[in-house]
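Right, one structure below, let's go through it.
The values are calculated or read from the model by the stated rules, or taken from the named source; none is laboratory data. Note that this is a predicted model, so its numbers are computed, not measured. Every residue, glycine as well, gets a Cβ built from its backbone with ideal geometry; the counts of neighbours run over all protein chains shown.
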Amino acid sequence: MLDVIDLTKTYRSAADTVSVLRGVTFHVARGESVALTGESGSGKSTLLHLIAGLDEADGGEIRIEQTRVTGLPDAQRAALRRTRLGLIFQQFNLVPSLSVADNLAFQARLAEKHDAAWLAELTARLGLAAMAKRYPEQLSGGQQQRVAIGRALAVKPALLLADEPTGNLDEATADEVVHLLRDLVTRSGCGMLMVTHSARLAAMLDRQLRLSGGYLT
Amino acid sequence: MRRAAWVLAVLLSHWRRHPMQLATLTIGLIAATALWSGVQALNQQARISYDRAAAMFGGARTAMLIDPAHPTFSQAAFVDLRRAGWPVSPVLEDRVQIGGRSYRLLGIEPVSLPPETASASAISQRELRAFIALPGQTLVAAETLADLGLAPGTTPRLNETVALPPLRVQPQLAPGVLIVDIGVAQRVLEKPGQISRLLVAQTTRDPGTLPAAIAGTSLQWIAADRETDLERLTDSFHLNLTAFGLLSFLVGLFIVNSAIGLAFEQRLPTLRTLRACGASARLLNGVVLIELVSIALIAGLVGLIGGYVIAAALLPDVAASLRGLYGAQLPGALSLRPQWWLAGMAMSVLGALAAAAASFVRMARLPVLAAAQPYVWQQTQRRWLLRQGALALAMLAVAMAFLAFGDSLLSGFAVLAALLLSAALALPMLLDGILRVGAHGARKALPIWFWADSRQQLPGLSLALMALLLALAVNVGVGTMVKSFSVTFERWLDGRLAADVYITPASEAQADELNHWLDRRSDIAAVLPGARAEIRIAGAAVELIGLPDHATYRARWPLLRIVPNGWTRLRDGDAAFISEQLSRRLHLDLGDRLQLAASGGDWSVEVAGIYADYGNPKGQVAVNVDAMLRHFPDTAQRRFGLAVAPEHLAGVMAALRDHFQFGPRQLADQATVKAESKRIFSRTFAVTAALNTFTLGVAGIALLTSLLTLSASRLPQLAPLWAIGLTRRSLAAIELMKTMAVAFVTALLALPLGLLVAWCLIAVVNVKAFGWRLPFDIFPMQLLQLLGVAMVAALAATLMPVLKLARMQPATLIKIFAHER
């Protein structure tokens, strides 16, 4: 479902050149949850951003359901993110001007893949039904992250990309969020790649990949 | 001290990271100070000039004796009063023509001149001899000398015949004035033994005993006045300029307020950290105050330089306006007093403090720990909108109160100010309502976000939009007034310029010769003689004009109201038409009687008509020319109008030029006079147009700076949308559409507001200021044009931040999601 082949990425500045990824290759299958770990600055977020088409690789290839992401023009990468990817960030990144209900439905409506029944189920599973009319700033961190998860899954993505989704949460809430993610990934049948620093949370997923010195170990 | 310096260094580091915000703050302060101080420089320049005129030999600053019924009286009164020990000094004054231009000739008696009048125009003992002894001297200001086109020492000729003494430049004299010895003045004005007034020096004698000394004479005591007629007349013009300056200043402060507000929001975490690290609230407030005052002082200085440049650029237009509207003379070069610089700096600092007041209050109450947000943005916004709405209603009530009970020019401007402020305060509420209606109709994700986000953006944009609303409304108001004036003025010119050719002979001899010459011409349909004299009614100078009884005048004279058979009554000589401003000033209506002080005794006339006399600062009375010459036999009949068929016009003009050697100021055809009048008219309103453009420009800057400062804080809201599948180009297009939409709605709202402003200017301010009222017209093309200009200004302001967003590197957007943000 996700194929990353010999991916390279180097950041160049006036002062120095940093090779963040030096030929990374891996595969994520449908319904599989994979944890991506590594030290700070090891390139985990960069790898996630490249897969999401937010940034461009220097070399190698990324395929999502046989669609070659690398080399796609900006508009098509945007369409890919809109329709087939779900993104979850540490900072939640909800739309502050929209209510919880509108935030949940936002991407699915944007992708014209709105499924009211699925959204209702997601809302119930995420425990957000009672707060549908609230606004992000009225929610706790854990609640906000649940809205972000709901928004990402509402589009029924092929692949869920989560960048430190529990970084701002306490341990108990983090465990709850990861359990929920796993369940929903299994239920929707998409693949998931989750960046995390926590070995404990990584151990809760199907498989672990570790990035170090630009290589997968 | 070191602690304060350290806190200041921390605070200043914010500007290093946000140079655009610093630029916005300083641009706002510079624009506000420049426009305010520029306008004040013009006002100060005018006041200096009025002071010079007033302090000069017998201006309003000196007490005087005049004959209210006659322009001159016998100098025997001078001799009698001097003998009685009164320190009086005679002055003879009249207008004279030199090279086709009109000047004020003042004859003075320098020995008895009250010392307080000499402050602006001292004649030293050494110069006194040269001034009195033959051939004497004609004292003029440097500007007058340049205007005459003559060198010092040359002798100007009145009406191209009578020679004045040689010219000498006397600093501090008002422009447009020639000073000679009173004996010379009596000779050249052909008024031997006559004087216009007696100046009364400040004396230890009780002025209350003077009336007894002049009892039995026709003289009237006029106390020294702190404000001159010219100052009173021009008050409205300067108030107008000040209002424009203040508006620009406020618009500039909107920019400052939004920049300071944003900086405060962004520095909140830093301020909390500083408080947590042990910096006291007092220390923080003090350091922020020092920082703000320092920025305001630097920006104020740059603004003052900008103000000087603006004033220098506008001075010729302002001088033209004052000359055109009030006959006031302004020198061509700008001279500024130290008070102007100090006042400008003070305005900059006080303006910055006022704009930062709300942020200061919040900072003073800042808790060290960030509180949880108990209210959502919508609730906060609702409260804010309700507060603004209540204030808007209060200001509207103030405007209505001033309209109902006010009876002065100042109250007219108060109506305008309260109305504009009310509309500006109501704007966010109106926009929020419109956006809410839009949101109700939205079903898809993007439109839902579009409306919700637009509403959330309102507080950040509202000040800039208020500035745009005010600038546009004032533009529409002033534009409509000027255009109404222009259309009315052209119609009025068509009526007033009834003859096809206008001739002003240089002397009475030439006038006689011209009369004979015209009698012999068969290509002239009619000779329309005219006459003009200056009389005094209720102590004020009034123009008396003589109109011939001719069908052209009956058909075209711009009468506002007339009694039945008014023209026939005029011809009979017992009726007069009066100008609208005189009718308003003296509360005269049709059928009322008016006493004209004629040389052969009072001439009682009935008001048979009221006519428009736009732009004339003096009141005017029109009577039949033959009747006028009967009652004022001394009046020189030196104005002729000719009715000439178009096919003969060129031939008649050429023949007049050849035979009489008339220059362009003595002979003109109707088209030339009209063109010249329209040119003067356009020049008169050039300063208004310039200030309009400046104000709109500042509003454009306000919008641009608001959008630029907002654009940085908008990134965290836009980046997630990009991440979930909207291209940067689409996001930029949506942002453009959003800003243009609110700007368009604001501009649409500005149109009716502007028309209301125009009505206020025409029906309230104009009547109080000038004494006449214009018809109120709406010009749809002009409104469309302004709407277009507003949208172009909004587009220009929106384009830069939007292009920045469209071209933003993904790396910048990714940073929003990065943990190190």
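Contact map, segment B:603-614: residues that are closer than 21 Å to B:TRP492 by Cα paired with residues that are of a type in the set (S, T, N, Q), Cβ distance under 7 Å, separation 6+ or inter-chain. Pairs shown: B:ILE610/B:SER583; B:TYR611/B:SER579; B:ASP613/B:SER579; B:ASP613/B:GLN581; B:ASP613/B:GLN620; B:TYR614/B:THR488.
Residues in segment A:50-73 that are over 21 Å from B:PHE817 (Cα atoms), among the hydrophobic types (A, V, I, L, M, F, W, C) and modelled with pLDDT under 90: A:LEU72 alone.
Which members of segment B:586-601 meet the condition of being part of a loop (DSSP other than H, G, I, E, B) and among the hydrophobic types (A, V, I, L, M, F, W, C)?
Across segment B:586-601, the qualifying residues are B:LEU586, B:LEU588, B:LEU590.
Considering only segment A:208-217, I want to know if a residue exists there that is closer than 20 Å to A:THR46 by Cβ and free of Cβ contacts under 8 Å to residues at least 60 places away in the same chain. Working first, answer last.
Step one: of segment A:208-217, the residues closer than 20 Å to A:THR46 by Cβ are A:208-217.
Still in the running and free of Cβ contacts under 8 Å to residues at least 60 places away in the same chain: A:217.
Looking for residues that are closer than 20 Å to A:THR46 by Cβ and free of Cβ contacts under 8 Å to residues at least 60 places away in the same chain, one finds at least one in segment A:208-217, hence yes.
Quick grid of which residues meet (1) at positive phi; (2) of a type in the set (A, V, I, L, M); (3) modelled with pLDDT of 90 or more:
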{"position": "A:VAL24", "(1), (2), (3)": "no, yes, yes"}
{"position": "A:GLY38", "(1), (2), (3)": "yes, no, yes"}
{"position": "A:LEU47", "(1), (2), (3)": "no, yes, yes"}
{"position": "A:ALA75", "(1), (2), (3)": "no, yes, no"}
{"position": "A:VAL95", "(1), (2), (3)": "no, yes, no"}
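Number of residues in segment A:9-39 that are without any contact (Cβ under 8 Å) to a residue 60 or more places away in the chain and surrounded by fewer than 17 Cβ atoms within 10 Å (Cβ to Cβ) equals 10.
Considering only segment B:632-653, I want to know if a residue exists there that is touching a Phe, Trp or Tyr at 6+ places or on another chain (Cβ under 7 Å) and within 21 Å of B:LEU560 (Cα to Cα). Taking every residue of segment B:632-653 in turn, none turns out to be touching a Phe, Trp or Tyr at 6+ places or on another chain (Cβ under 7 Å) and within 21 Å of B:LEU560 (Cα to Cα).
Screening A:THR67 against (1) within 12 Å of the chain's Cα centre (by Cα); (2) closer than 22 Å to A:GLY189 by Cα; (3) more than 8 Å from chain B (Cβ to nearest Cβ) leaves a single unmet condition, (1). Quickly run through segment B:552-568 and pick out the residues that are surrounded by 16 or more Cβ atoms within 10 Å (Cβ to Cβ) and either on the phi > 0 side of the Ramachandran plot or of a type in the set (Phe, Trp, Tyr) (or both). Passing the criteria: B:TYR553, B:TRP557, B:TRP567.
Would you check if there is a residue in segment B:577-597 being modelled with pLDDT of 85 or more, more than 18 Å from B:ALA541 (Cα to Cα) and buried (at least 18 other Cβ atoms within 10 Å of the Cβ)? No: zero hits. Residues satisfying the criterion are present in segment B:543-550 (criterion: touching a residue at least 60 places away in the same chain (Cβ under 8 Å) and over 37 Å from the mean Cα position of the chain (by Cα)). Take the residues in segment B:438-448 that are part of a helix (DSSP H, G or I) and touching a Phe, Trp or Tyr at 6+ places or on another chain (Cβ under 7 Å); name whichever of them is farthest from the other protein chains (Cβ to nearest Cβ). Filtering segment B:438-448 for residues that are part of a helix (DSSP H, G or I) and touching a Phe, Trp or Tyr at 6+ places or on another chain (Cβ under 7 Å), the one farthest from the other protein chains (Cβ to nearest Cβ) comes out as B:GLY438.
Can you tell me which of A:ASP183, A:ASP163, A:ASP170 is within 14 Å of chain B (Cβ to nearest Cβ), in contact with a helix residue (DSSP H, G or I) (Cβ under 9 Å, 6 or more places away or on another chain) and farther than 9 Å from A:ALA35 by Cα? Lay out the reasoning, then the answer.
Working: A:ASP183 fails: within 14 Å of chain B (Cβ to nearest Cβ); A:ASP170 fails: within 14 Å of chain B (Cβ to nearest Cβ).
The unique qualifying residue is A:ASP163.
Among the residues of segment B:710-733, not a single one is in contact with a Ser or Thr (Cβ under 7 Å, 6 or more places away or on another chain), part of a helix (DSSP H, G or I) and of a type outside the set (Ser, Thr, Tyr). The criterion of being within 11 Å of chain B (Cβ to nearest Cβ), out of contact with any Cys (no Cβ under 9 Å at 6 or more places or on another chain) and assigned to a loop (DSSP other than H, G, I, E, B) holds for A:SER40. Please go through segment A:70-92 and pick out each residue that is at the interface with chain B (Cβ under 9 Å from one of its Cβ atoms) and assigned to a helix (DSSP H, G or I). If the condition is that a residue be at the interface with chain B (Cβ under 9 Å from one of its Cβ atoms) and assigned to a helix (DSSP H, G or I), then A:ASP74, A:ALA75, A:ARG77, A:ALA78, A:ALA79, A:LEU80, A:ARG81, A:ARG82, A:THR83 are the ones that fit.
Just so you know, in segment A:108-120 the residues that are in a loop (DSSP other than H, G, I, E, B) and more than 10 Å from every other protein chain (Cβ to nearest Cβ) include one that is modelled with the highest pLDDT, and it is A:ASP115.
Quick one: in segment A:93-102, of everything that is small (Gly, Ala, Ser) and at the interface with another protein chain (Cβ under 10 Å from one of its Cβ atoms), which residue is farthest from A:MET1 (Cα to Cα)? Give the steps one after another, and end with the answer.
First, the residues of segment A:93-102 that are small (Gly, Ala, Ser): A:97, A:99, A:101.
Applying the additional criterion that residues be at the interface with another protein chain (Cβ under 10 Å from one of its Cβ atoms) yields A:97, A:99.
Values: A:SER97: 35, A:SER99: 33 Å.
The extreme case among them is A:SER97.
Once segment B:705-734 is narrowed to residues that are touching a residue at least 12 places away in the same chain (Cβ under 8 Å) and among the polar types (S, T, N, Q), the residue that is nearest to the other protein chains (Cβ to nearest Cβ) is B:GLN717.
Which one of B:GLN186, B:GLN202 is at pLDDT 70 or above and surrounded by fewer than 17 Cβ atoms within 10 Å (Cβ to Cβ)? Can you show your working first?
Numbers: B:GLN186 fails: surrounded by fewer than 17 Cβ atoms within 10 Å (Cβ to Cβ).
Result: B:GLN202 is the single residue among B:GLN186, B:GLN202 that is at pLDDT 70 or above and surrounded by fewer than 17 Cβ atoms within 10 Å (Cβ to Cβ).
From the list B:LEU469, B:LEU461, the one residue that fits, being touching a Ser or Thr at 6+ places or on another chain (Cβ under 9 Å), under 24 Å from B:GLY261 (Cα atoms) and within 14 Å of chain A (Cβ to nearest Cβ), is B:LEU461. Regarding segment B:479-489, can at least one residue be identified that is among the aliphatic types (A, V, I, L, M), modelled with pLDDT of 80 or more and surrounded by fewer than 22 Cβ atoms within 10 Å (Cβ to Cβ)? Looking for residues that are among the aliphatic types (A, V, I, L, M), modelled with pLDDT of 80 or more and surrounded by fewer than 22 Cβ atoms within 10 Å (Cβ to Cβ), one finds at least one in segment B:479-489, hence yes.
Here A:ARG146 qualifies as in contact with a helix residue (DSSP H, G or I) (Cβ under 9 Å, 6 or more places away or on another chain), more than 9 Å from chain B (Cβ to nearest Cβ) and over 29 Å from B:ASP432 (Cα atoms). With respect to the conditions (1) within 12 Å of another protein chain (Cβ to nearest Cβ); (2) touching a Ser or Thr at 6+ places or on another chain (Cβ under 9 Å); (3) in contact (Cβ under 8 Å) with a residue 40 or more places away in the chain; (4) not polar (S, T, N, Q), A:GLU61 falls short on a single one, namely (1). Condition check for B:MET737 on (1) surrounded by 17 or more Cβ atoms within 10 Å (Cβ to Cβ); (2) away from every other protein chain (no Cβ under 14 Å): one failure, at (1). The condition (being at the interface with chain B (Cβ under 10 Å from one of its Cβ atoms) and either of a type in the set (A, V, I, L, M, F, W, C) or in a helix (DSSP H, G or I) (or both)) is satisfied by just one residue among A:ALA105, A:ALA130: A:ALA105. If the condition is being within 30 Å of A:LYS44 (Cβ to Cβ) and either away from chain A (no Cβ under 14 Å) or acidic (Asp, Glu) (or both), then segment B:768-821 contributes B:LYS804, B:GLU820.
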